[in-house]
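**Q** Once you've had a glance at the structure underneath, I'll fire off some questions.
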Amino acid sequence: MSVTRDGAHVCLLEYEEENGKPVPPQFAYFHDGLLLGACNLHLDASWGYDGVDGDPETAVRLQELLTAAGLPDPERDRREVHRSALGVVERVFGLSLPKDPIVNGTLPAVLLEPA
């Protein structure tokens, strides 16, 4: 199953609030059927990603910029690490979302479940 096709861009930011453990948000960016970059926003290997996965050129560039931002850093506050990682992801993929609709509104979403 492809997440995207026909030139579509899809950005996934997943939070697992009900786990009971401090699970970092998972980020993935797809374009035209290809995974360009994916990582957890705390960049620790404990939750499935050891660095950035995806298209080699894009993943390496994203990893380099995250490293240049001082990440991962287990001594930094997790919220600050999260904000720093989101800032890098935003710049790499050209993302920008207005704050008010995110904080106070409802964003469009799609829930996919196996048939």
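**Q** Here's a check for you: in the stretch 1-37, which residue that is more than 17 Å from the chain's Cα centre (by Cα) and modelled with pLDDT under 75 is surrounded by the fewest Cβ atoms within 10 Å (Cβ to Cβ)?
**A** In this case the residue turns out to be MET1.
**Q** Tell me which residues, restricted to the stretch 65-82, are without any contact (Cβ under 8 Å) to a residue 12 or more places away in the chain and loosely packed, with under 13 Cβ neighbours inside 10 Å.
**A** ALA68, GLU75, ASP77, ARG79, GLU80
The values are calculated or read from the model by the stated rules, or taken from the named source; none is laboratory data. Small disclaimer: the values here were computed from a predicted structure and weren't measured. Glycine gets a Cβ as well: all are built from the backbone with ideal geometry, and neighbour counts include every protein chain shown.
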